[in-house]
Amino acid sequence: MSFWHDAIERLETILADSGCEDGIVTLAVNHDADACQYPKGVRMEGRFGGQSGQFVTSEPVRANTRISFMFGAPLTNQKQRSAAGAIINTVSAFLCLARRLRPCTPDSYGPCLAELSREVAGKKVYLVGSMPVLERALAEQIVDTPEAAEILLVGGDGMTSDAGVACIEEYREKKRTIFLGPSAAGVSGLIDLEHWCPYGR
C-alpha cells in the first residue's frame with residue numbers, strides 16, 4: 001500500500017453509488033497547455049464531465065478509461081500511477097475536491113520560486129523527481145540522500161517512479177514533505193498532504 005492507494009480508497013468512498021465511478025475519463029497529451037515550472041515531463045491531461053486535470057510525467061498515457069480502473073489496482077508501474085494521477089486530478093476538478101488543479105501562467109514563475117525558496121531557506125532539501133529549476137535555484141541546499149534532508153520536495157515523476165514512491169512512503173511521516181504543483185493537487189487534497197501551488201488556477 002502507498003499514498004496512491006490511500007488517495008484512491010478515499011476517492012472510491014466519495015464516489016460510492018454516485019454513478020460517477022463508471023464514467024469515462026479521456027487521457028491525452030496536451031503540448032500546448034501551460035505547465036508548472038518544477039516537474040520535468042509531458043503534460044498529460046484528463047477530461048471528464050467538462051472538467052480537466054493535468055499530471056506531468058515522462059510516461060504519459062493516451063486512453064479512454066473508467067474511473068473505477070484504479071479501484072483496487074496494484075499500480076505497479078509509472079504509467080499506471082501517472083494515469084491514476086491524471087484521473088484523480090480530473091475527478092477532483094469535477095467534484096470540486098481540490099483547488100489549484102491547473103498550473104499558473106509563466107508570469108507567476110518568478111514569484112512562486114521566490115516564495116518557495118523563502119519557505120525552505122536554511123534547510124537541507126532532497127528532490128524527489130527531476131526538477132531542473134530547483135536543482136539550479138536550491139543548489140547550495142540540495143543533499144544527495146533523503147536521510148540527510150530536512151525537507152523533501154516532490155514533483156510529478158517523483159510521485160510515480162518506484163524509487164520516488166518508496167522514498168515518500170519511508171519519510172512522509174518522519175520528515176516534512178511538500179508536494180509541488182497541480183500534478184499533486186488531487187492526491188494532496190484527498191489525504192491531506194502538504195501541497196505547494198500558490199499561483200495555480
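Read-outs: derived from the displayed coordinates by stated rules, not from any lab. This is a predicted model, so every value here is computed, not measured. For neighbour counting, all protein chains shown are included, and Cβ atoms are generated from backbone atoms with ideal geometry for every residue, glycine included.
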Residue 66 versus residue 194: modelled label distance in nm, points set 7 Å from Cα along the beta carbon direction = 3.9
Interchain or sequence-distant (5+) residues whose placed amide H lies within less than 5 Å of the amide H of residue 142 are 125
What residues from segment 105-128 fall in the zone where the backbone N is under 14 Å from a label point 7 Å along the Cα-to-C-beta line of residue 143?
-> 122-128
Beyond 29 Å, what percent of the Cα pairs of the chain remain?
-> 18
Of the DSSP beta bridges with both residues in the chain, give the percent that are antiparallel, rounding to the nearest 5.
-> 55
Chain lengthening between residue 2 and residue 29 when straightened (0.36 nm per residue, less Cα-Cα) = 7.1 nm
Taking a crude spin-label model, label points 7 Å out from Cα along the C-beta direction, the residue 123 to residue 169 distance in nm is 2.4
Round to the nearest 0.05 the FRET efficiency obtained for residue 17 and residue 77 when R0 = 25 Å and r is the Cβ-Cβ distance.
-> 0.25
May I ask for the distance between the Cα centers of segment 26-43 and segment 63-91, given as a whole number of Å?
-> 17
Note on segment 64-201: contact order normalised by length, alpha-carbon pairs under 8 Å, 6 or more apart, percent, works out to 31
